[in-house]
Amino acid sequence: MTSQGPPSPESPPPATGPLSAFRGRRIFVGVSGGIAAYKSAYLVSRLAQAGAEVTVAMTRSATRFVTPLTFQALSARPVYTSPWQHLESQDPQHISLATRLDAAIVAPCSMDTLARLATGRTNDVVCLILSAVDRLRTPVILAPAMNSVMWAQPATQRNVALLRQDGFRFVGPAEGWQACRHVGPGRMSEPDDILAETASILAS
């Protein structure tokens, strides 16, 4: 009997449990600026291990916390960092990408990114790509991350209410220890919780 040996990196073993919902799916992960951006590396790694085709885009601020090379290595795909990039073709990148996604996740989703999405601004690559996503067909999941006072601001809560009304889904924020040395609501939900919620949405 011939031993097949371990699976190759290009062919991850079949995912089991909730992660099986991601196998063969095209998932977008948008990373905005915040200390929680380091957790997004684990999120992308888990998606790739589950057999998803993961595309990552980063705001300029996000690249100051984690390098694009990190996400490129984990996803085995180019990373978008500018609205002016054309990585795969000469077609408008945000439209060609958005129209073939199965789900989109923004983690962390900063206060500024929440405001941009709520007001329809498209001057960073994450918001530009999301502007072309048909949310009636493709779920967009936001994982807010910010200081508890920033989360409680009336402007933030108005933006959250508007985004919910517009069809965006939310995971968190969670309550706990924050980088500002305070305890309270506003920290990004753990990647496994974000994955579980996204898998549930995809399976529904």
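Hey, got the dipole for the range 18-203? About the Cα centre, +1 on K and R Cβ, -1 on D and E Cβ, debye to the nearest 20? Before the final figure, lay out the partial values.
Numbers: 18 positive and 13 negative charges, 26 e Å.
In total the dipole reaches around 120 debye.
Between beta-carbons, use under 15 Å as the cut-off and find the net charge around Cys127, counting Lys and Arg +1, Asp and Glu -1. Walk me through the intermediate numbers first.
On the way: positive: Arg60, Arg116, Arg121, Arg135; negative: Asp112, Asp124, Asp166.
Here the count lands on +1.
Below 13 angstrom from the Cβ of Gly167, what's the summed charge of the other residues (Lys, Arg +1; Asp, Glu -1)?
+2
Using the basic label-point model (7 angstrom from Cα toward the beta carbon), what is the Phe170 to Tyr38 distance in nanometres?
With each label point 7 Å from Cα toward Cβ, the separation is 2.7 nm.
Can you give the local net charge around Thr59? Use residues other than it whose beta-carbon is closer than 10 angstrom to its beta-carbon, Lys and Arg +1, Asp and Glu -1. Each step should come with its number before you reach the end.
Numbers: positive: Arg60, Arg64, Arg116; negative: Asp112, Asp124.
Here the count lands on +1.
What distance in nm lies between label points placed 7 Å from Cα along the C-beta direction at Ala152 and Ala132?
Distance between the two pseudo-spin positions: 4.1 nm.
Read-outs throughout are calculated quantities, based only on the coordinates presented, and are distinct from any laboratory measurement. Fair warning: this is a prediction, and the values are worked out from it, not measured in the lab. Here the Cβ is made from the backbone with ideal geometry for all residues, glycine too, and neighbour counts use every protein chain on show.
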